[in-house]
1. Hey, ASN59 hits all of (1) assigned to a helix (DSSP H, G or I); (2) at pLDDT below 95; (3) of a type outside the set (Val, Ile, Thr) but one; which does it fall short on?
2. Please name all residue pairs, on different chains or six or more residues apart, with Cβ atoms under 7 Å, provided the first residue is in region 71-87 and is in a loop (DSSP other than H, G, I, E, B) and the second residue is surrounded by 11 or more Cβ atoms within 10 Å (Cβ to Cβ).
3. Would you mind finding the one in VAL21, VAL65 that is surrounded by 10 or more Cβ atoms within 10 Å (Cβ to Cβ) and modelled with pLDDT of 95 or more?
4. Looking only at region 89-101, decide whether some residue is in a helix (DSSP H, G or I) and small (Gly, Ala, Ser).
Amino acid sequence: EAPQNKLQALNDQLDGHMIQVLLEDGCVAPVDCLVSLPAQAEQFKRTTKTVTRSYWWKNVKLIVVIVLVALIISVLIILLATGVIPVSAPVPPTVIHTSHP
């Protein structure tokens, strides 16, 4: 019996809080706000889709930039390692003079 009373008290408190929030939002009667809820829900759904799409494109752009930077660094390392890009002045070949022609 005690848990049921606590639950009812909590439910009553929540109802009172919801009505207070609706009144603060400018609703004279809660029924007026209930009429506009489906439209508000649809607008919220459209907004969330727009925000989701926007952040998806930002993530894609960031991934593309990271991949490009990694590729450029990899190519640079490979070119430096293979000697295609010299890291120091070229050393002339050493010529060993022998007495035999």
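1. Going through (1) assigned to a helix (DSSP H, G or I); (2) at pLDDT below 95; (3) of a type outside the set (Val, Ile, Thr) one by one, ASN59 breaks only (2).
2. Every condition considered, the pairs that remain are ILE85/LEU79; VAL87/LEU80.
3. Residue meeting the stated conditions: VAL65.
4. No: zero hits.
Residues checked against (1) more than 34 Å from the chain's Cα centre (by Cα); (2) among the charged types (D, E, K, R); (3) farther than 30 Å from MET18 by Cβ:
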| site | (1), (2), (3) |
| --- | --- |
| PHE44 | no, no, no |
| ASN59 | no, no, yes |
| ILE63 | no, no, yes |
| LEU71 | no, no, yes |
| SER74 | no, no, yes |
| THR82 | yes, no, yes |
| PRO86 | yes, no, yes |
| ALA89 | yes, no, yes |
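The values are calculated or read from the model by the stated rules, or taken from the named source; none is laboratory data. Quantities reported herein were computed from a predicted structural model and do not represent experimental measurements. When we count neighbours, we look across all protein chains shown, and the Cβ atoms used for this are built from the backbone with ideal geometry, even at glycine.
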